[in-house]
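A short write-up of the structure that comes next.
The values are calculated or read from the model by the stated rules, or taken from the named source; none is laboratory data. Treat the numbers as computed from the prediction; the structure is a model and nothing was measured. Cβ: placed from backbone, ideal geometry, glycine included. Neighbour counts: every protein chain shown.
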Amino acid sequence: MAANLKITLTPAAEHAVRAGHPWVFADRVKSQNREGTSGELAIIYDRRNRYFAVGLYDALSPIRVRILVHGDSVRVDDDWFRDRIAVAARMRDEYFADGKTTGYRWVNGESDGLPGMVLDRYGAVGVVKVYTAAWLPCLSDGRFLDWVRSSCPAASSWVLRLSRNIHGPASKAGLADGDVLLGKREDVEVTTFIENGVTFEAEPVKGQKTGFFLDQRDNRSRVRDLARDADVLNVFSHAGGFSVHAAVGGARSATDVDISKHALDAATRNMQINRAHHPGVSQCRHKTVQADAFEWLANAAKDGASYDVVVIDPPSLAKRQAESVGALEAYQRLARNGVKLLRPGGVLVAASCSAHVSAEPFFKVVRQVAWQHGDAGSELFASGHAIDHPARIPEAHYLKCLAWKTE
């Protein structure tokens, strides 16, 4: 049996870990006693050869160690992983105990002490998405299912999703993106869940992220409250989440614009499955437009279109920090084109999911556009992460949304 993997860090990295940060980059590893393998535990010692942390080792990633325990001397074994998952999942289960929402995040990676892993619930279907090869051994040998069977009992099926960077290592471990770890594939390819009383489809096996954009739940409900008797435009609509909530809230019409026909078809189905239980949905005129959302939005005002609520929720526009300036310029253009479509008293709802664009500059550009459009307006809300998507390190902060009402 190989000796424990022992690692020491540079002074700067040691300071960061002691302060609670969960990542150790490869160039911050000062020494290690042997070559490590992805998925094994790395024991971290300080410059005086004293233990002070333990984490998961990833031999292939620039993030070489993802910290599980800071400071405390504990045994990190199956019981430890099971208990940590259970604590995070139980908090969400208790928060959503009224049954009005059955789609939410059970575990949010670093912010729940399980770095590089998220667990989402879609009714009776659980989805695990991993971002590091360090989690592959427990997935291939069945330990993961043992952990979640007791920790997340609401899920009778489990689907595996993988970030693109680990498809190769996963294949060597006998795993692939979309694998059904538990249950039948035909039962999980498309499933339904409830969000604040509204039913949606999710596609855990092949859909975006883990099957749906759960993180916008609260903002969709806010739009629902703004939508009575409104004509609503939903740009970058994906599966129509904002539009369905708007219809439930009494919108006269909802227009979804997206480049993906698959997404627009899902939006149509999401409208249909809510008609029987929500009178507002059956009364709302729903229209889908397949088009490049950037181009369509830039030209819509020329065609005389106008709306009471305009929602702009694009995909991430900055994949790396160097793209943040260009992303802010793009958000500004989108907001400018959006406010041009607003009727007097209309509401612009602008969102960003770009982690490399922080909240302050994003809110600033949206506010500037709104003020230039008319300084008599008012800000309705500026929001961040939902309660099931906590962000406890700077790198985890990605979601922000601002609503502005014109006069």
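Given the criteria assigned to a loop (DSSP other than H, G, I, E, B) and surrounded by fewer than 16 Cβ atoms within 10 Å (Cβ to Cβ), does Gly168 qualify? Lay out the reasoning, then the answer.
Details: assigned to a loop (DSSP other than H, G, I, E, B): no; surrounded by fewer than 16 Cβ atoms within 10 Å (Cβ to Cβ): yes.
Considered against the rule, which asks whether it is assigned to a loop (DSSP other than H, G, I, E, B) and surrounded by fewer than 16 Cβ atoms within 10 Å (Cβ to Cβ), Gly168 comes out as no.
Restricting to segment 234-284, what's the tally of residues that are of a type in the set (Gly, Ala, Ser) and in a helix (DSSP H, G or I)? Walk me through it before giving the result.
So in segment 234-284, the residues of a type in the set (Gly, Ala, Ser) come out as 237, 239-241, 243, 246-247, 249-251, 253-254, 260, 263, 266-267, 276, 280, 282.
Right, trim to in a helix (DSSP H, G or I) and you get 241, 243, 246-247, 263, 266-267, 280, 282.
The total comes to 9.
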Fill in: Qualifying residues in segment 342-364 (those that are closer than 19 Å to Leu317 by Cβ and small (Gly, Ala, Ser)) - the one surrounded by the fewest Cβ atoms within 10 Å (Cβ to Cβ)
Ser358
Worksheet item: So which residues in segment 15-29 are within 14 Å of Arg47 (Cα to Cα) and loosely packed, with under 14 Cβ neighbours inside 10 Å?
Response: His15
Fill in: Cβ pairs under 8 Å, 6+ apart, first in segment 70-81 and within 26 Å of His15 (Cβ to Cβ), second in a helix (DSSP H, G or I)
His70/Val17; His70/Arg18; Gly71/Arg18; Val74/Trp80
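Being surrounded by 16 or more Cβ atoms within 10 Å (Cβ to Cβ) and assigned to a loop (DSSP other than H, G, I, E, B) is the filter here, so list the residues in segment 307-341 that pass it.
The initial filter retains those residues of segment 307-341 that are surrounded by 16 or more Cβ atoms within 10 Å (Cβ to Cβ), namely 307-314, 317-318, 323-324, 327-328, 330-332, 334-341.
Correct list: Asp313, Pro314, Leu317, Ala318, Lys340, Leu341.
Can you tell me which residue among Val365, Val369 is more than 26 Å from Asn165 (Cα to Cα), part of a helix (DSSP H, G or I), in contact with a Lys or Arg (Cβ under 7 Å, 6 or more places away or on another chain) and in the same structural domain as Glu295 (by TED's automatic domain parsing)? Show your work before the answer.
Working: Val365 fails: in contact with a Lys or Arg (Cβ under 7 Å, 6 or more places away or on another chain).
None of the other options fit; the residue is Val369.
Residues checked against (1) closer than 22 Å to Glu195 by Cα; (2) assigned to a helix (DSSP H, G or I); (3) outside the structural domain of Arg92 (by TED's automatic domain parsing); (4) touching a Gly at 6+ places or on another chain (Cβ under 7 Å):
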site	(1), (2), (3), (4)
Gly126	yes, no, no, no
Lys129	yes, no, no, no
Pro137	no, yes, no, yes
Trp147	no, yes, no, no
Ser150	no, yes, no, no
Worksheet item: Across segment 48-75, which residue is surrounded by the most Cβ atoms within 10 Å (Cβ to Cβ) among those that are assigned to a loop (DSSP other than H, G, I, E, B) and among the charged types (D, E, K, R)?
Response: Asp58
Worksheet item: Within the bounds of segment 202-211, is there any residue that is in contact (Cβ under 8 Å) with a residue 60 or more places away in the chain, within 13 Å of Tyr122 (Cα to Cα), β-branched (Val, Ile, Thr) and surrounded by 18 or more Cβ atoms within 10 Å (Cβ to Cβ)?
Response: yes
Discussion item. Cβ contacts < 8 Å: first residue surrounded by 12 or more Cβ atoms within 10 Å (Cβ to Cβ), restricted to segment 365-376; second residue at pLDDT below 90 and of a type outside the set (Ser, Thr, Tyr), any location; separation 6+ or different chain. Result?
Written reply: Ala370/Gly377; Trp371/Gly377; Gly374/Glu407
Practice prompt. Output yes when any residue across segment 92-115 is touching a residue at least 12 places away in the same chain (Cβ under 8 Å), more than 30 Å from Thr199 (Cβ to Cβ) and not in a helix (DSSP H, G or I), and no when none is.
Written response: yes
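Restricting segment 171-193 to residues that are assigned to a loop (DSSP other than H, G, I, E, B) and more than 23 Å from the chain's Cα centre (by Cα), which is nearest to Ala155 (Cα to Cα)?
Taking segment 171-193 as the starting set, the residues that turn out to be assigned to a loop (DSSP other than H, G, I, E, B) are 173-179, 183-184, 189-190.
Subset that is more than 23 Å from the chain's Cα centre (by Cα): 173-174, 183-184.
Working: Ala173: 24, Gly174: 23, Gly183: 10, Lys184: 13 Å.
Going through the qualifying residues, I end up with Gly183.
Test Arg47 against the criterion of being touching a strand residue (DSSP E or B) at 6+ places or on another chain (Cβ under 9 Å) and more than 22 Å from Pro394 (Cα to Cα), and give yes or no. Talk me through it step by step, then tell me what you get.
Working: touching a strand residue (DSSP E or B) at 6+ places or on another chain (Cβ under 9 Å): yes; more than 22 Å from Pro394 (Cα to Cα): yes.
When the stated conditions are applied, Arg47 passes them.
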